[in-house]
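The values are calculated or read from the model by the stated rules, or taken from the named source; none is laboratory data. Small disclaimer: the values here were computed from a predicted structure and weren't measured. In this analysis, Cβ positions are derived from the backbone assuming ideal geometry, glycine residues included, and neighbour counts consider all displayed protein chains. Note: areas computed on protein heavy atoms with side chains; ligands, DNA, RNA excluded. Shrake-Rupley method; radii C 1.70, N 1.55, O 1.52, S 1.80 Å.
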Amino acid sequence: YTSEELERIAFGSADESSVNYPFESMSAFCERSSKGAMNLTGKVFSYTCRKSAAYYATNKNELARECFEAFNDSVDFSQFDKNGDGQIDSALFTLPAAAGDDEWWPCAGPLGDDTYYVDGVKVGHIITGNADPVSITNFNSSYLHELGHCMGLPDYYLYTGNDTEGMHGPAGTELMDMDAFSDFSAVSKLLLGWYRENQVL
């Protein structure tokens, strides 16, 4: 995919007739899920790193800094601090699926370097992974799950044992649970401020 195609996949407009609905784009999903409270925007950049994927597997912060520096002269990254808290809200670094799942399974976390600034702002949460956009539904739902972490939501699935599903039956239909191609639950929407307490029974 080109940068322009990936931008449509991530930030394109809503299309309920799409075969990928409700994951036709991350922006469209967030607009519907939040009932208009969240307007997800962004920009896609393509970059070939200087070293191998294996090198960055244990140096993901270095990967992020290298990518930011590659575009620092041509992009004002302060525009991606939408809430004005002095840091970029989130940045996603997606690699080819060939990078493998061992080290590049999609995940999210803070950059971990409070001394690093770009255009006067710190870098907040970063998402790294190798979700393949050949399946747009999988690509968008995987990274929306990780975006949920950037917004403060935990995993709802269990990390150990044979039973990894945190919530069973209808209760398990939640984007933050294991392999749930679904919406955020009412509890998540309450935590995100998309619902008020009197709207959740």
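So the values come out like this:
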| read-out | value |
| --- | --- |
| Answer from Gly193, Gly161 - the residue that is part of a loop (DSSP other than H, G, I, E, B), at positive phi, exposed (fewer than 13 other Cβ atoms within 10 Å of the Cβ) and modelled with pLDDT under 90 | Gly161 |
| Some residue of the range 95-111 being in contact with a strand residue (DSSP E or B) (Cβ under 9 Å, 6 or more places away or on another chain), at pLDDT below 95, assigned to a loop (DSSP other than H, G, I, E, B) and farther than 19 Å from Leu6 by Cβ | yes |
| Pair list, Cβ < 6 Å and 6+ apart or interchain, from the range 11-30 residues that are of a type in the set (S, T, N, Q) to residues that are open to solvent by less than 30 Å² (accessible area, probe 1.4 Å) and part of a helix (DSSP H, G or I) | none |
| Residue check for Phe181: touching a helix residue (DSSP H, G or I) at 6+ places or on another chain (Cβ under 7 Å) and open to solvent by less than 50 Å² (accessible area, probe 1.4 Å) | no |
| The range 95-149, subset of a type in the set (Ser, Thr, Tyr) and under 19 Å from Arg50 (Cβ atoms), residue least open to solvent (accessible area, probe 1.4 Å) | Thr128 |
| Which listed residue is touching a residue at least 40 places away in the same chain (Cβ under 8 Å), over 23 Å from Ser142 (Cα atoms) and of a type outside the set (Phe, Trp, Tyr), from Asp85, Asp114, Asp119, Asp73 | Asp119 |
| Matching option when the condition is modelled with pLDDT of 95 or more and either outside any loop (DSSP other than H, G, I, E, B) or surrounded by 12 or more Cβ atoms within 10 Å (Cβ to Cβ) (or both), among Asn20, Asn61 | Asn20 |
| Matching residues in the range 62-79 - criterion: being touching a strand residue (DSSP E or B) at 6+ places or on another chain (Cβ under 8 Å) and within 21 Å of Gly100 (Cα to Cα) | Leu63, Ala64, Cys67 |
| Check on Ser90, among the small types (Gly, Ala, Ser), open to solvent by less than 70 Å² (accessible area, probe 1.4 Å), in contact with a Pro (Cβ under 8 Å, 6 or more places away or on another chain) and touching a residue at least 24 places away in the same chain (Cβ under 8 Å) | no |
| Residue match in the range 155-170 (condition: in contact (Cβ under 8 Å) with a residue 12 or more places away in the chain, more than 18 Å from Pro22 (Cα to Cα) and within 17 Å of the chain's Cα centre (by Cα)) | yes |
| Hits in the range 1-17 - residues which are surrounded by fewer than 14 Cβ atoms within 10 Å (Cβ to Cβ) and part of a loop (DSSP other than H, G, I, E, B) | Thr2, Ser13, Asp15, Glu16, Ser17 |
| Condition check for Leu153: open to solvent by 60 Å² or more (accessible area, probe 1.4 Å) and either modelled with pLDDT under 95 or in contact with a Ser or Thr (Cβ under 9 Å, 6 or more places away or on another chain) (or both) | no |
| Number of the condition not met by Tyr47 [criteria: (1) open to solvent by 70 Å² or more (accessible area, probe 1.4 Å); (2) touching a helix residue (DSSP H, G or I) at 6+ places or on another chain (Cβ under 8 Å); (3) within 25 Å of Leu192 (Cα to Cα)] | (3) |
